[in-house]
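Chemist: Below you'll find the structure I mean.
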Amino acid sequence: MIKMGEIVILSGSPSESSRTDLVLQYVGKKLKQEGFSVTYVSVRDIPFEDIFNLRFDSPALKDLTLLLQGAEGVIVGSPVYKAAYTGILKAVLDLLPQDVLSQKTVLPIMTGGSPAHLLAIEFSLKPLLAALKGQSQQGVYFQDCQIDKTQVVNPITDENVLVRLKKELYYFIETVNKKKDFALKN
């Protein structure tokens, strides 16, 4: 069952070796250092047949639903494809309950090839998360050139974006903890 302090990280990257996943794994390590329990889920973990055939009753999708509903916070990451999140992420989220992120603090993270896609978080990912009733934070966008795939400990090479990420993580942790404290008091 879900433990207190549970954070779910959902990767929308269809690639086995992606910059998005490197950033999300780095974020997961930082959250574990802060005492959170982190569960990492990738869209690749959901059987393709379940997604393609719209199997709303898929055991993998039911498990994902329970994870997200039981989490205290959710981080959703995706590379930018055609000025938006990946199609596979959208397909997976379409199969989940409409309010699966209700009352959840959500941190959106996106990676893309150029600064031209900076607003993809604002105009594509955040509206999708809001449709699922998530409470999104500002989010962080990374250019591919700011992520070094050969670095495992800290793949983020740009100091400015690293500072921005740490600030967003601080706000994320603070919000999750405030909600947890409020729930414990009531």
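Chemist: When the Karplus curve 6.51 cos²θ - 1.76 cosθ + 1.60 is applied with θ = phi - 60°, which whole-Hz ³J(HN,Hα) does each residue of region 88-98 get, with x for Gly and Pro?
Modeler: 5, 4, 4, 4, 5, 5, 5, 8, 8, x, 4
Chemist: Let me ask something else. So what is the 222 nm mean residue ellipticity for the chain from helices alone, if each DSSP H run of at least 4 adds -39500 (n - 2.57) and you divide by all residues, rounding to the nearest 500 deg cm²/dmol? Before the final figure, lay out each step's value.
Modeler: Details: 6 runs with 73 residues, N = 186.
Theoretical 222 nm ellipticity from helices: -12000 deg cm²/dmol.
Chemist: Something else: Using a 1.4 Å probe on the protein heavy atoms, what percent of the accessible area of the chain belongs to carbon and sulfur? Walk me through the numbers before you get to the answer.
Modeler: Details: 5240 of 9480 Å².
Ligands and nucleic acids excluded, carbon and sulfur reach 55 percent.
Chemist: Here's another thing I want to ask about it. Net charge near Q143, counting Lys/Arg +1 and Asp/Glu -1 over other residues with Cβ under 13 Å of its Cβ?
Modeler: Numbers: positive: R19, R164; negative: D144, D148, D158.
Computed value for this residue: -1.
Chemist: For the chain, set up a Gaussian network in which alpha carbons nearer than 10 Å are linked by springs, and say which option among S11, S102, S114 fluctuates the most.
Modeler: Maximum among the listed residues: S114.
Chemist: Can you pull out the trypsin sites (Lys or Arg not before Pro) in region 1-68 that DSSP calls coil and that have at most 14 other Cβ atoms within 10 Å?
Modeler: On the way: sites: K3, R19, K29, K30, K32, R44, R55, K62; in loops: K3, R55.
Here the sparse-neighbourhood loop sites are K3.
Chemist: Placing +1 at every Lys and Arg Cβ and -1 at every Asp and Glu Cβ, with all other atoms neutral, what dipole size does region 1-52 have around its Cα centre, in debye to the nearest 20?
Modeler: 340
The values are calculated or read from the model by the stated rules, or taken from the named source; none is laboratory data. Computed from a predicted model, the values in this text were never measured in an experiment. Cβ sites come from the backbone with ideal geometry, for glycine too, and all protein chains shown count toward neighbours. The accessibility values were calculated without ligands, DNA or RNA, using every heavy atom of the protein model including side chains. Shrake-Rupley method; radii C 1.70, N 1.55, O 1.52, S 1.80 Å.
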